[in-house]
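Worksheet: one structure, shown below.
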Amino acid sequence: MKGKISIPNISHDRVKEVLGYNPATGDFVWKVSLAKNVKVGTPAGGTAKGNGYKYVTVGGMEIPAARLAWFYMTGEWPRTKVQFINGDKTDIRYSNLTLSVGVHGEFDFKSRDGRTEYLRAYRKANPEIEKARSLRE
């Protein structure tokens with residue numbers, strides 16, 4: 001089962017129209033006032049409760065700021081998970097972002113089915129581990 005990486009239905013032009021992004025600092029700011037509480041030039045987004053990731057709400061969708069930064073800079077939504085090179089989930093400078101490679105970024109670890117499918121794919125990609133595991137049993 002593939003992971004639940006959703007691709008928001010918002011165009012690159014629209015994102016650039018309403019948001020500004022500084023790749024050196026990782027800060028998003030509003031270019032337009034979309035609501036009463038959104039002023040031009042104010043920081044966009046915030047940190048979600050619990051998981052520590054930053055999110056920005058655009059077009060009624062709450063989008064992880066790291067994915068939005070990748071989209072802002074490349075014009076394409078990432079097809080795998082975006083990872084942080086230095087491990088800091090709040091550091092969304094473009095130079096700190098990388099796409100997950102291999103089987104790890106393709107699965108939803110929040111569901112049991114996703115974890116099971118990941119293990120199957122991992123064992124298939126690493127047959128020496130499966131062989132060692134079968135020898136122990």
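Say R0 is 25 Å: what FRET efficiency, to the nearest 0.05, do Thr47 and Lys16 get from their beta-carbon distance? Please report the intermediate quantities before stating the final value.
On the way: r = 23 Å, r/R0 = 0.94.
Taking R0 as 25 Å, the efficiency between Thr47 and Lys16 is 0.60.
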Problem set entry | Tyr122 - accessible surface, heavy atoms, 1.4 Å probe, Å² rounded to 10 | 80
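What FRET efficiency, computed as 1/(1 + (r/R0)^6) with R0 = 22 Å and r the Cβ-Cβ distance, is obtained for Asn126 and Ser100, rounded to the nearest 0.05?
0.85
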Seminar exercise, completed: A student applying the Cα gyration tensor rule (rounded when a/c is under 1.5; otherwise prolate if a/b is larger than b/c, oblate if not) would label the stretch 37-89 oblate
Seminar exercise, completed: Placing each pseudo-label 7 Å from Cα in the direction of the beta carbon, Val38 and Asn86 end up separated by a distance in nanometres of 2.9
For this session: Calculate the all-directions average of the projected area of the stretch 1-60's alpha-carbon convex hull, and give it in nm².
Result: 5.7
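The values are calculated or read from the model by the stated rules, or taken from the named source; none is laboratory data. Just so it is clear, the model here is predicted, and its values are computed rather than measured. In this analysis, Cβ positions are derived from the backbone assuming ideal geometry, glycine residues included, and neighbour counts consider all displayed protein chains. These accessible areas exclude ligands, DNA and RNA; they are computed on the full protein's heavy atoms, side chains included. Shrake-Rupley method; radii C 1.70, N 1.55, O 1.52, S 1.80 Å.
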